[in-house]
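Nothing in this text is a laboratory measurement; each read-out follows from the coordinates by a stated rule. Being a predicted model, the structure only gives us computed values, none of them experimental. Every residue, glycine among them, receives a Cβ derived from its backbone with ideal geometry; neighbour counts consider all protein chains shown.
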DNA sequence: GCGACAG
DNA sequence: ATCTTGTCGC
């Protein structure tokens with residue numbers, strides 16, 4: 001498949017913020033999803049002291065969450081980490097990985113914020129707009145926004161607010177475990193976002209697609225079992 | 001001017 | 001994000 005985009009983004013932080021201001025209005029905050037069959041987790045890791053960006057997209061079937069395809073892409077890191085500008089550092093590699101899939105997924109679950117961002121264009125929203133695929137942001141920590149304490153039961157959540165606007169939800173995917181920060185990425189309402197994240201994370205804190213992408217993006221060890229409760233095998237490395 | 005600050 | 005195994009606790 002083709003995602004016609006030049007992946008060479010040589011921008012200054014000021015220019016990057018201008019791009020965000022231009023794209024933020026294009027985010028669709030309502031449900032515009034088709035049938036879900038393939039859901040992808042997106043994550044990025046770094047090698048060589050951060051000089052190489054490694055993006056992974058793991059596609060799982062829905063709703064059974066069985067791994068069906070993975071794609072990896074490595075690129076020289078071309079943008080520093082600047083809070084609020086994460087997508088300019090990670091998306092070039094992510095787009096390259098997406099293009100390597102045999103088919104695009106029906107939904108993207110991204111490690112990072114959606115519209116819970118200063119200019120409402122976190123990495124999940126940015127990726128959603130560029131690909132026009134439904135997308136959801138799942139952050140492990142907060143970028144912006146305030147919220148009440150979240151009840152400890154799985155499924156409980158509190159609105160994440162920036163002033164008067166609700167920009168996301170702080171959701172408990174596991175009882176008694178630190179909640180995750182979820183927000184609209186593109187073409188998915190906040191209500192649906194909460195439902196889908198809960199369905200995608202039936203057992204662990206993070207959604208299965210993101211967990212798998214995490215594995216492939218950081219560790220380089222084999223991860224044969226664990227997904228379906230099988231035996232553990234140490235030893236076999238697997239490259240890409 | 002002083003903090004806060006996704007990954 | 002990354003440097004890194006085993007270990008303490010529910």
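Determine one quarter of the surface area of the Cα convex hull of the stretch A:52-144, which equals its mean projected area, and express it in nm² to one decimal.
For the stretch A:52-144, averaging the hull's shadow over all directions gives 6.0 nm².
When the helices in chain A are scored as -39500 (n - 2.57) per DSSP H run of 4 or longer and the sum is shared across all residues, what 222 nm value do you end up with, to the nearest 500 deg cm²/dmol?
Taking each H run of at least 4 residues, the total per residue is -7000 deg cm²/dmol.
Calculate how many DSSP beta bridges within the stretch A:111-220 are antiparallel, expressed in % of all such bridges and rounded to the nearest 5.
Rounded to the nearest five, the antiparallel share is 95 percent.
Mind giving me the FRET efficiency for residue A:74 and residue A:24? R0 is 35 Å, r the Cβ-Cβ distance, nearest 0.05 is fine.
0.75
Based on the mean of other beta carbon atoms within 10 Å per residue, what is the order of A:10-22, A:206-218, most packed first?
A:206-218, A:10-22
Stretch residue A:48-residue A:66 to full length: gain in nm at 0.36 nm per residue minus the Cα-Cα span?
Once the chain is fully extended between residue A:48 and residue A:66, it gains 3.3 nm.
Note down the Stokes-Einstein diffusion coefficient of chain A in µm²/s, whole number, using a Kirkwood radius over alpha carbon pairs, 10 °C, and 1.306 mPa s.
So the translational diffusion coefficient is about 89 µm²/s.
Along each of the three principal axes of the Cα atoms of the stretch A:1-103, give the extent in whole Å, ordering the values from largest to smallest.
42, 36, 25
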